[in-house]
1. Would you mind working out the accessible area per residue for the range 6-94, using a 1.4 Å probe, and quoting it in Å²?
2. Hull surface divided by four, with the convex hull built on the Cα atoms of the range 1-49: how many nm²?
3. Given a Förster radius of 30 Å and the C-beta distance between Phe15 and Phe153 as r, what FRET efficiency does 1/(1 + (r/R0)^6) yield to the nearest 0.05?
4. Go ahead and estimate [θ] at 222 nm for the chain from helices alone: -39,500 (n - 2.57) per DSSP H run with n ≥ 4, summed, over the residue count, rounded to 500.
5. Going Cα to Cα from Lys58, which lysines come in below 28 Å? Please leave out same-chain ones fewer than 8 positions away.
6. Sorting Ser108, Ser13 by accessible area (1.4 Å probe), largest first, what list results?
7. Whenever you get a sec, compute what percent of the accessible area on the range 2-158 sits on carbon and sulfur atoms (1.4 Å probe).
8. Taking amide hydrogens as modeled 1.01 Å from N in the peptide plane, which residues meet the under 5 Å criterion relative to Ile11, leaving out close sequence neighbours?
Amino acid sequence: MKKLFEPFAYINSIFDITPDMLKNNGIYGLILDIDNTLVATNVKDAGERVGQFIKDLKDNGIKHVIVSNGHKHRVEEFCRPLEIEYIYKAYKPLGRGFDKAIRIMNLSKNQIAIIGDQLFTDVLGGNLKGIRSILIKPIDPDEPIFVKFKRIFEKPFLRKKEYKDKF
Ligand SMILES: [Mg+2]
């Protein structure tokens with residue numbers, strides 16, 4: 001059971017991930033979380049740095065779809081300026097959002113990774129679906145109360161684990 005909560009990699013920040021790192025690991029498609037992965041939960045727009053990250057993916061032929069548990073307005077507002085495919089109210093860790101994203105990217109599961117900050121949604125969801133998961137250190141410690149609650153249960157799984165800049 002513990003394996004279900006074991007990410008493929010622990011990375012400090014999305015900005016430590018380069019297209020070359022992904023390709024070297026045979027990853028050609030990303031499922032991306034928004035909140036506390038790309039931006040803090042209270043940040044509406046992607047901003048320049050995330051915009052550049054997405055552009056680098058595009059320029060290097062790494063496919064990408066946002067899969068968020070967030071509501072329609074939040075996810076649309078974030079994704080539209082980026083001209084990026086998105087799935088809102090995905091109910092991660094359940095598989096429906098993942099299935100859609102995999103279909104959109106039209107890649108095999110072993111070519112796809114999910115990047116997210118939560119063990120019980122992003123990592124568990126990816127592992128249940130049979131795709132690799134990359135756990136990101138949450139951007140903003142000031143999280144909604146239900147997320148804080150979930151973090152308590154993440155702790156035993158994350159103990160002694162170190163976030164790194166490379167995988
Ligand atoms: Mg998140």
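1. 47
2. 4.7
3. The formula returns an efficiency of 0.60 here.
4. Helix contribution divided over all residues of the chain: -10000 deg cm²/dmol.
5. Within the straight-line limit of under 28 Å, Lys58 reaches these lysines: Lys23, Lys44, Lys72, Lys89, Lys92, Lys100, Lys109, Lys129, Lys137, Lys164, Lys166.
6. Putting Ser108, Ser13 in descending order of accessible area: Ser108, Ser13.
7. On the way: 4200 of 7680 Å².
The value for the range 2-158 is 55 percent carbon and sulfur by accessible area.
8. Under 5 Å from the amide H of Ile11 lie the amide H atoms of Leu135, Ile136, Lys137, Lys164, each far enough along the sequence or on another chain.
The values are calculated or read from the model by the stated rules, or taken from the named source; none is laboratory data. As the structure is a computational prediction, the values presented were derived from the model and not from experiment. Methodologically, a virtual Cβ is constructed for each residue, glycine included, from the backbone with ideal geometry; neighbour enumeration extends over all protein chains shown. Heads up: the accessible areas ignore ligands, DNA and RNA and are worked out on the full protein's heavy atoms, side chains in. Shrake-Rupley method; radii C 1.70, N 1.55, O 1.52, S 1.80 Å.
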